[in-house]
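*Asks:* Have a look at the structure that comes next, please.
All of the numbers you see were taken from the coordinates with simple rules; none came from a lab. Note that the structure is predicted; figures quoted are calculated from it, not measured. Heads up, the Cβs are rebuilt from the backbone with ideal geometry, glycines too, and the neighbour counts pull from every protein chain shown.
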Amino acid sequence: MQIAKKGGIGLRTLAVLFRRADTNGNKKLDMEEFTQCLASYNLFPKVVDIQALFKFYDIDGDGNIGYEEFVRGLREPLSDRRRAIVEKAFGLMDKNESGEITIADIDEIYDVSQN
């Protein structure tokens, strides 16, 4: 909500916010950068709460928050309807039913010469 109050929460806004918070330029937020980011939005949780929040965002447990982890942590869960749409689209693209969409799968579906 604090981010939205300052002008939006689109992906572009989040990317800018993340880059500003990444003061050492390593494309990740460490605990100190994360704490400073919260403070820049007038959020001053207790240390134990910051640690829990950091752990929530640090999905791979490497002690840093990458941009993908940051965005994933802010994203709301998919509704059942949206999840069904995503699963249907995935199923249409995953031609060999491997559970992964490869370039070969996309190549079978999408012909760039027709655009």
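*Asks:* Report, in order of residue number, the helices in the chain meeting two criteria: a C-alpha extent of 18 Å or more along the helix axis, and a mean Kyte-Doolittle hydropathy of at least -1.0; treat each whole DSSP H run as one helix. Please report the intermediate quantities before stating the final value.
*Replies:* Details: long enough: 80-93 (20 Å, -0.29).
Counting only whole DSSP H runs, the qualifying helices are 80-93.
*Asks:* Still on this structure, please answer the following. Which far-off residues, 5 or more places away or on another chain, put their amide H under 5 Å from the one on residue 66, with H placed in the peptide plane?
*Replies:* When sequence neighbours closer than 5 places are left aside, the close amide H contacts are 29.
*Asks:* If packing is taken as the mean number of other Cβ atoms within 10 Å per residue, what is the order of 81-87, 59-65, highest first?
*Replies:* 59-65, 81-87
*Asks:* Quickly work out the residue 88-to-residue 74 label distance, labels modelled 7 Å from Cα along the C-beta direction, and quote it in nm with one decimal.
*Replies:* 3.0
*Asks:* For residue 56 and residue 103, what does the FRET efficiency come to when R0 = 22 Å and r is the distance between their Cβ atoms, rounded to the nearest 0.05? Write out the running numbers ahead of the final one.
*Replies:* Working: r = 33 Å, r/R0 = 1.51.
My answer for the efficiency is 0.10.
*Asks:* Taking a quarter of the surface of the Cα convex hull of the range 29-75, what do you get in nm²?
*Replies:* Dividing the Cα hull surface by four gives the mean projection, 3.0 nm².
*Asks:* To the nearest 500 deg cm²/dmol, what mean residue ellipticity at 222 nm is calculated for the chain from DSSP H runs of n ≥ 4 alone, each contributing -39,500 (n - 2.57), summed and divided by the residues? Can you show the working numbers first?
*Replies:* On the way: 7 runs with 65 residues, N = 115.
Helices in the chain give a 222 nm mean residue ellipticity of -16000 deg cm²/dmol.
*Asks:* Then there is this: Assuming 0.692 mPa s and 37 °C, estimate D for the chain with Stokes-Einstein, Rh taken as the Kirkwood radius over Cα pairs, in µm²/s.
*Replies:* Result for D is 194 µm²/s.
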